[in-house]
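Take a look at the structure below.
Rule-based calculations on the coordinates, nothing more; no lab input. Keep in mind that this is a model prediction, so the values were computed, not measured. Note that we place each Cβ from the backbone using ideal geometry, even for glycine, and neighbour counts take in every protein chain shown.
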Amino acid sequence: MPDTKLTISIVVFSLLLFCTSVIKNKTNVIEKNITIYEKQIFDLEKELYESQLEFNYLTSPKILQQKLSFLTNDQFQNMNISNIYLDYESFISNQKKITQK
């Protein structure tokens with residue numbers, strides 16, 4: 001009888017030890033995933049903040065004009081949307097059209 005108690009104790013202990021190891025490994029994987037997601041969230045929050053800042057500056061030309069007038073004595077004028085070029089090639093092609101006329 002004492003031998004079976006010892007065997008049962010060893011089996012239960014081994015089973016619990018194995019379960020503990022499995023649980024510990026799974027929590028380690030979960031913690032790694034959490035840190036990855038936290039980094040992604042931080043990057044997205046930073047990008048959101050920068051986008052909001054850019055949006056606020058781009059959508060408020062009056063505020064920009066006030067700040068510029070406060071900082072400098074230069075007079076700036078608003079540009080027409082047709083005067084803004086997306087790239088250098090567009091600018092050159094348009095200049096060629098203008099000079100050929």
Would you mind stating whether Tyr37 is within 30 Å of Ile84 (Cβ to Cβ) and under 38 Å from the mean Cα position of the chain (by Cα)? no
For the range 46-57, indicate whether the set of residues that are farther than 30 Å from Ile84 by Cβ and free of Cβ contacts under 8 Å to residues at least 40 places away in the same chain is non-empty. no
